[in-house]
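Participant: Structure below; questions to follow.
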Amino acid sequence: VQLQASGGGLVQAGGSLRLSCAASGRTVRGLTMGWFRQAPGKEREFVASLRHSGHTYYADSVKGRFTISRDNANNMINLQMNSLKPEDTAAYYCAADPSIILSSIAFPHSYAYWGQGTLVTVSS
């Protein structure tokens, strides 16, 4: 599975961005997909996940502001980010795995496939 993330950029606080992650080699419907982020000097952290069942999960820090969705027609997932804050500034990575138990979806090591990062910068 190959993943290609895109959509990052510079935005003012309160603004919105939409990240996309295109997959090849396998359909996203059969995968658990996730978004993680990593700020300079910090560990990679969980943002959101979309299981093959369609259930979604979010980090508390983004709940109510971010929405993860799946575009089956284009074999990709999206992360709509609204009400962005300076603390959302990070490199964002998409990840995928064919089989993750629910209790493991927030851990980077649970995902076998990773895309390159796309940088999101939120100015105050």
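Participant: Looking only at the stretch 72-91, how many residues end up being open to solvent by 50 Å² or more (accessible area, probe 1.4 Å) and hydrophobic (A, V, I, L, M, F, W, C)?
Facilitator: 1
Participant: Is it true that A39 is of a type in the set (G, A, S) and either closer than 18 Å to S6 by Cβ or in contact with an Asp or Glu (Cβ under 7 Å, 6 or more places away or on another chain) (or both)?
Facilitator: No.
Participant: Could you list, in sequence order, all residues of the stretch 92-124 that are in contact (Cβ under 8 Å) with a residue 40 or more places away in the chain, open to solvent by 20 Å² or more (accessible area, probe 1.4 Å) and closer than 21 Å to A39 by Cβ?
Facilitator: Once the filter is applied, which keeps residues that are in contact (Cβ under 8 Å) with a residue 40 or more places away in the chain, open to solvent by 20 Å² or more (accessible area, probe 1.4 Å) and closer than 21 Å to A39 by Cβ, the stretch 92-124 yields Y93, A106, F107, P108, W114, Q116, G117, L119, T121, S123, S124.
Participant: Would a scan of the stretch 27-46 turn up a residue that is loosely packed, with under 15 Cβ neighbours inside 10 Å, touching a strand residue (DSSP E or B) at 6+ places or on another chain (Cβ under 9 Å) and at pLDDT below 95?
Facilitator: yes
Participant: Let me ask another. Do any strands (runs of 3 or more DSSP E) entirely within the stretch 22-104 hold 2 or more residues that are more than 18 Å from W114 (Cα to Cα), and if so, which?
Facilitator: Correct list: 56-58, 66-71, 76-81.
Participant: Then there is this: Consider S53 against the criteria (1) of a type in the set (S, T, Y); (2) without any contact (Cβ under 8 Å) to a residue 40 or more places away in the chain; (3) closer than 16 Å to A5 by Cβ: it satisfies all of them except one. Which criterion is unmet?
Facilitator: It is condition (3) that S53 fails.
Participant: Starting from residues that are under 16 Å from the mean Cα position of the chain (by Cα) and outside any loop (DSSP other than H, G, I, E, B), keep the ones in the stretch 12-21 and report whichever is nearest to Y92 (Cα to Cα).
Facilitator: L19
The values are calculated or read from the model by the stated rules, or taken from the named source; none is laboratory data. Bear in mind that the values here come from a model prediction, so they are computed numbers and not experimental data. Glycine gets a Cβ as well: all are built from the backbone with ideal geometry, and neighbour counts include every protein chain shown. Keep in mind that these areas ignore ligands, DNA and RNA; they rest on the heavy atoms of the full protein, side chains included. Shrake-Rupley method; radii C 1.70, N 1.55, O 1.52, S 1.80 Å.
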